[in-house]
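Visitor: Just passing along the structure, written as structure tokens.
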Amino acid sequence: MKNPGIPLLILTTLILILVTIFAALGMAFSWVFYLTVLGQATLVFAVYKVLTDDYQTDKTFRDWYEDRPKSEENN
């Protein structure tokens, strides 16, 4: 199951990088302002989607890290 919030976070990151580029290039203030507002709105929406996602797992703290080999657990 794909988390719908992750593409929104990627979009938010791209918008805010674009804001930085526009500000550095001296674009009109209105463009920078509206992109900033759009970026903040998408950030809030992305956080809402991630926190309200119906994600369930069978992992527990006893599983620890999945990339740790079983042989190192006994050391």
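The values are calculated or read from the model by the stated rules, or taken from the named source; none is laboratory data. Keep in mind that this is a model prediction, so the values were computed, not measured. For accessibility, only protein heavy atoms count, side chains too; no ligands or nucleic acids. Shrake-Rupley method; radii C 1.70, N 1.55, O 1.52, S 1.80 Å.
Visitor: Probe 1.4 Å, all protein chains in place: accessible area of Thr57 in Å², nearest 10?
Guide: 80
Visitor: I need the phi-derived Karplus couplings for region 51-61: 6.51 cos²θ - 1.76 cosθ + 1.60, θ = phi - 60°, integer Hz, Gly and Pro marked x.
Guide: Once θ is set to phi - 60°, the couplings for region 51-61 become 6, 9, 5, 8, 9, 10, 9, 9, 6, 10, 5 Hz.
Visitor: How would Leu14, Leu25, Leu38 line up by accessible area, probe 1.4 Å, largest first?
Guide: Heavy-atom accessible area, descending, gives Leu25, Leu14, Leu38.
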